[in-house]
1. Among the residues of region B:222-241, count how many are within 9 Å of chain A (Cβ to nearest Cβ) and either free of Cβ contacts under 8 Å to residues at least 12 places away in the same chain or away from the ligand (no atom under 11 Å from the Cβ) (or both).
2. So which of A:235, A:217, A:201, A:211 is under 30 Å from residue A:61 (Cα atoms), more than 8 Å from every other protein chain (Cβ to nearest Cβ), among the charged types (D, E, K, R) and surrounded by 11 or more Cβ atoms within 10 Å (Cβ to Cβ)?
3. Take the conditions assigned to a helix (DSSP H, G or I) and either within 11 Å of the ligand (Cβ to nearest atom) or at the interface with chain A (Cβ under 10 Å from one of its Cβ atoms) (or both) and apply them to residue B:306. Does it pass?
4. Please report, ordered by residue number, the strands (runs of 3 or more DSSP E) entirely within region A:30-95 with at least 1 residues that are small (Gly, Ala, Ser).
5. Looking at the structure I just gave you, is residue A:244 crowded, with 17+ Cβ neighbours inside 10 Å, within 12 Å of chain B (Cβ to nearest Cβ) and closer than 30 Å to residue A:148 by Cβ?
6. Considering each of B:197, B:187 in turn, give the residue that is farther than 30 Å from residue A:136 by Cβ, outside the structural domain of residue B:305 (by TED's automatic domain parsing) and either within 14 Å of the ligand (Cβ to nearest atom) or surrounded by fewer than 17 Cβ atoms within 10 Å (Cβ to Cβ) (or both).
7. Give the residue, chosen from B:137, B:179, that is facing chain A (nearest Cβ under 9 Å) and either of a type in the set (Val, Ile, Thr) or farther than 30 Å from residue A:225 by Cβ (or both).
8. List the pairs whose first member sits in region A:26-37 and is closer than 10 Å to residue A:7 by Cα, whose second member is aromatic (Phe, Trp, Tyr) and within 15 Å of the ligand (Cβ to nearest atom), and whose Cβ atoms are under 8 Å apart, counting only residues at least 6 apart or on separate chains?
Amino acid sequence: MNIAVCAKEVVDVSEIKIDEKTNKPILEGISKEVNDIEKSAVEEAIKIKEEYGGEITILTVGSVDNMENMKELLAMGADEAVIISPPEESDYTVVSELLAGAVEEIGDIDLVLCGEASIDLFSGQVGPRIAELLNVPQITYAENLDVEEEKIVGERDVGGNKIMTVESPYPVVVTVTKEINDPRLPSLQEILGAANKPINEWGPKEFMDHEIEPTTEMKDIRGVSMERKNIIFDEDELEDSVKNLAENIAKEGLLEG
Amino acid sequence: MVLIYSDDKDTTKELIAKGRELADETGSKVTSVIIGEDDDEVANELIYHGSDEVILANTDIEQFKAEEYTQVLKKLVEKTDSEIVLIGSDKSGKEIAPRLAAKLETGCVTDCTDLYFEDGTLTAERVAYSGNAVAVKNFISEPSIVTIPSKNFDPLSKDEGREGEITREELEVIEAESKIIDVQEKESEGVNVEDAEIIVSCGRGFENQEDLDLAEDLSEALERGTIGCSRPIAADLKWLPEDHWIGLSGHEVKPELYVAIGISGQIQHIAGMRDSGTVVAINKDEDAPIFESADYGIVGDLYEVVPKLVEAINEEKG
Ligand SMILES: Cc1cc2nc3c(=O)[nH]c(=O)nc-3n(C[C@H](O)[C@H](O)[C@H](O)COP(=O)(O)OP(=O)(O)OC[C@H]3O[C@@H](n4cnc5c(N)ncnc54)[C@H](O)[C@@H]3O)c2cc1C
């Protein structure tokens with residue numbers, strides 16, 4: 001079973017601060033990591049490989065600032081990584097076209113795994129778009145996968161308190177939630193062993209047979225800051241602290257129905 | 001033409017209101033789509049809420065998955081020559097919209113919180129970086145596909161004097177190779193955290209499912225309370241149905257009072273409650289990030305603090 005996993009490094013959103021002068025989020029200097037959801041997609045790929053064999057290729061669109069992030073995925077158990085440089089103007093149309101194009105270029109891929117969304121912008125567009133471009137079925141929000149020789153069965157939480165079970169033949173695109181597994185931490189041995197696994201860099205012209213144009217553009221991004229009172233009640237006696245809290249809740253009129 | 005689709009009828013009405021505004025600005029019309037339900041009454045309800053036209057789309061397939069929905073919507077977008085497509089941002093809408101966008105080779109913005117024309121260009125705003133920022137995006141393609149969460153826009157009030165046209169479309173759809181083999185409905189109490197005025201929210205600080213009763217007690221003392229929770233409580237432990245789940249990947253809430261108990265306050269949780277009125281945090285770790293997002297806090301063991309707080313609230317009520 002040959003598997004492609006779409007994973008990218010993203011800024012650690014909990015570190016983002018807002019620039020007071022420009023009112024924009026400051027993204028420079030923030031550490032980048034591959035998020036847990038995408039690591040879960042890699043973990044799921046490795047489990048499938050352990051049972052059925054095959055090759056796991058990591059696909060990422062964009063520059064990689066920290067190669068250690070790619071190496072970590074290889075150390076977990078992926079075989080190869082491909083870093084695709086996007087054209088200057090990019091959006092989900094461009095990224096999905098590049099990923100689908102790379103899947104076709106590699107050829108003979110049975111399963112494409114993605115996270116349900118990536119943690120930075122949380123759009124969730126890439127999985128379904130790739131499925132359409134490849135003209136294959138999609139199983140989104142999978143929180144459990146059962147892989148068989150001829151088909152894959154996924155359980156998905158579709159909202160409204162419904163759990164849907166879907167089966168599909170290969171090839172198929174599956175997006176996973178982080179509940180699907182706990183991604184493994186590679187051992188030192190595995191980290192050293194991954195040093196020689198290939199990380200390829202591809203330009204779009206090398207494998208795309210058509211030009212791709214973005215369909216949306218980012219006009220502005222503005223910071224949102226949250227002002228809170230940040231009052232901690234810490235009297236000697238807990239009774240006094242809760243009393244203070246209850247009084248404040250009452251003062252704000254919150255106890256009147 | 002503005003085309004509207006959601007499998008939730010309340011959301012559909014909210015999208016019609018937004019669609020109406022955009023259509024009036026450009027002198028075009030609003031068409032709503034109902035798939036696999038041939039009912040004039042349901043269609044009229046949408047007309048009374050502002051839709052100019054309702055298409056009742058029928059196919060000869062029984063099961064609908066994103067693969068089939070996308071084909072139906074693509075045909076209707078082309079038939080109606082729609083420039084804008086508004087889709088409800090629930091889990092099903094969010095897997096249909098990007099697939100439809102890829103099929104139509106066009107742009108899509110998911111979870112849009114505001115949508116308007118600026119200098120003739122359709123502009124969509126959405127939350128980015130877990131609520132740290134708002135991204136403002138311009139469409140440079142048509143049709144423009146947008147998903148909108150429920151409760152984001154108010155529906156127009158019902159007016160039975162509104163007139164519109166109901167049409168029926170028989171559509172041919174190629175059945176996807178994937179199959180739905182089972183749908184299980186989990187029990188749901190029909191709670192609606194989005195409308196709640198007061199939310200008492202539980203996190204991993206609770207050791208057992210039964211202990212959530214403590215939160216229930218507080219919620220009762222506060223009278224208008226509804227129980228909420230963090231992702232692990234609903235998704236990993238499954239102690240509460242996902243109706244209660246608050247955050248980036250759950251529900252977005254704006255109660256007057258939000259009480260976070262045993263919740264660390266990771267940014268993905270904050271993303272769902274940052275617009276709350278007053279925020280109270282109870283956590284035993286004084287460095288927990290929830291305190292930065294709170295107006296009032298008590299550092300302590302929830303098993304001691306919550307029962308005492310219930311007493312204090314009852315006393316305060318007199
Ligand atoms: C893509 C993605 C989407 C996500 N979406 C969401 C989302 O929508 N909603 C969401 O909530 N999370 C979401 N998360 C998860 C989020 O990052 C956190 O992991 C989660 O919110 C943590 O839940 P928690 O605060 O209940 O648990 P923990 O982080 O484990 O915190 C438990 C807290 O309880 C405190 N505590 C322990 N015992 C006691 C006690 N006896 N008394 C008082 N305090 C105690 C601890 O000090 C700690 O602060 C998402 C994550 C990802 C990657």
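1. 6
2. Just one listed residue meets the conditions, A:201.
3. Yes; evaluated as a whole, the condition is true for this residue.
4. Numbers: elements: A:32-34, A:56-61, A:80-84.
Correct list: A:80-84.
5. Criteria not met by residue A:244.
6. From the options B:197, B:187, the qualifying one is B:187.
7. On the way: B:137 fails: either of a type in the set (Val, Ile, Thr) or farther than 30 Å from residue A:225 by Cβ (or both).
Going through B:137, B:179 in turn, the sole match is B:179.
8. none
The values are calculated or read from the model by the stated rules, or taken from the named source; none is laboratory data. Given the structure is predicted, the values throughout are model-derived calculations rather than measurements. Every residue, glycine as well, gets a Cβ built from its backbone with ideal geometry; the counts of neighbours run over all protein chains shown.
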